[in-house]
Amino acid sequence: METRAIQNGHKFSSDVMPLPNPHLVQMETDILYHIAIATNTHDLPSLFGDVKFVCIGGQPSRMSRFAAMVSRELGDPLPEGQTPQNYAAGTDRYAIYKTGPVLAVSHGIGFASLSVILHEIFKLLYHSRCKDVKIIRVGTSGGLGIKPGTVVITKECVNGMLNNYYEMPVLGKLVRRQAVPDVDFVNDLKRFADKMCCSFPTVTGKTLSVEDFYEGQGRLDGAICDYTQDEKTAFLKRLSGIGVVNIEMESLLLTALCHKAGISCATVCVTLVDRLEEDQLTNSRETMVEWQSRPLTLVTGYIKHKLGL
Ligand code: URA
């Protein structure tokens, strides 16, 4: 990997992509610890300054496949047998791949893991002096009343109390961040899906985004459960009644932090199960792997289209 030390003593300023943290400009060096990248060991503007799209997803292997797909689609395929370079190879927490103006980044599962990588990716973009970047989560979810394999573009997300904000304690106080979606971006993705893409169904809808896969999503099959089948069914029907079409664990935080930082984002998730029918993911691995490639196909096509290729 090409790296170049930057002189200590450099103070950051960026009119390109301001971040809502006044302390950043005071720092001489910034160590992005969880991705093993630092401003005094990496020449961030030359490594990442051209980035326009950051696609994030749970697993490193899926994001590596995505990076290979983007390389092919952008007309610069990897040599036979070669896997994409991981820019965060100095750690095994997260993986970062780059293909032209597209970063593919793994975020693990849930809010805590996503929060850490988002802080560091926002700062990577800031130190790299990137402009007009869009972040897209390509992931999986449970569906509500829609056929498994359907791709959902989130048009609004709500937390486990059905409110459209993310809350977390900071300095002993609850801080509330509104999850305000980028409606234009959502509509643009849907228009693209309808006109130019895809052999699979794509819908827009409301997403329930919670901190847990089992109790938080009203499943009966976790190790712990204090509610009845009827209570679960009533909750899922209530969700359906307010327009929720899928359930996952990251879109709320992504939308809230991107809104706070002034960065455009969207969430595109395939559904792996209809939660009105069952809790467990019973389809074959091969079927799920094919479904999981659907958000990647849609988003790769969208990026290609936006780049005029
Ligand atoms: N991811 C989730 O968070 N829930 C599901 O049901 C499937 C994938």
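For the reader, a short list of remarks on this structure follows.
- A search for C-beta distances below 7 Å between a residue of the stretch 130-141 that is closer than 12 Å to Gly110 by Cα and assigned by TED's automatic domain parsing to the domain that holds Gly108 and any residue that is modelled with pLDDT under 95 and within 16 Å of the ligand (Cβ to nearest atom), counting only pairs 6+ apart in sequence or on different chains, returns nothing.
- Only one of Val102, Val152 that is assigned by TED's automatic domain parsing to the domain that holds Lys304 and surrounded by 22 or more Cβ atoms within 10 Å (Cβ to Cβ): Val152
- Any hit, the stretch 227-235, residues being of a type in the set (Phe, Trp, Tyr), assigned by TED's automatic domain parsing to the domain that holds Asn159, open to solvent by less than 10 Å² (accessible area, probe 1.4 Å) and away from the ligand (no atom under 13 Å from the Cβ): no
- The stretch 167-192 residues that are open to solvent by 80 Å² or more (accessible area, probe 1.4 Å) and among the basic types (Lys, Arg), paired with ones that are part of a strand (DSSP E or B) and at pLDDT 95 or above (beta carbon under 7 Å, 6 or more apart): Arg176/Tyr165; Arg176/Glu167
- On the stretch given as the stretch 279-294, residues that are of a type outside the set (A, V, I, L, M, F, W, C), assigned to a helix (DSSP H, G or I) and within 12 Å of the ligand (Cβ to nearest atom) total 1.
- Residue count for the stretch 261-278 satisfying the condition of being within 10 Å of the ligand (Cβ to nearest atom), in contact with a Gly (Cβ under 6 Å, 6 or more places away or on another chain) and either part of a loop (DSSP other than H, G, I, E, B) or of a type outside the set (Asp, Glu) (or both): 4.
- Scoring His119 on the criteria (1) open to solvent by 40 Å² or more (accessible area, probe 1.4 Å); (2) under 17 Å from the mean Cα position of the chain (by Cα); (3) farther than 20 Å from Met17 by Cα leaves a single failure, condition (3).
- Per-region count, the stretch 49-65, residues open to solvent by less than 30 Å² (accessible area, probe 1.4 Å), assigned to a helix (DSSP H, G or I) and under 11 Å from Ile96 (Cα atoms): 2
- One residue stands out in the stretch 127-142 among those that are away from the ligand (no atom under 16 Å from the Cβ) and open to solvent by less than 10 Å² (accessible area, probe 1.4 Å): the one that is farthest from the chain's Cα centre (by Cα), namely Ser128.
- Test for His107: is it closer than 19 Å to Cys130 by Cα and open to solvent by less than 40 Å² (accessible area, probe 1.4 Å): no
- Scope the stretch 241-257; condition more than 10 Å from the ligand (Cβ to nearest atom), under 17 Å from Gly58 (Cα atoms) and either of a type in the set (Val, Ile, Thr) or open to solvent by 10 Å² or more (accessible area, probe 1.4 Å) (or both); matching residues: Thr255
The values are calculated or read from the model by the stated rules, or taken from the named source; none is laboratory data. Predicted model only: the values in this text are computed from it and were never measured. Quick reminder, even Gly has a Cβ in these numbers, built from the backbone with ideal geometry, and neighbours come from all protein chains shown. When the accessible area is computed, the model is the full protein with side chains, heavy atoms only, and any ligands, DNA or RNA have been set aside. Shrake-Rupley method; radii C 1.70, N 1.55, O 1.52, S 1.80 Å.
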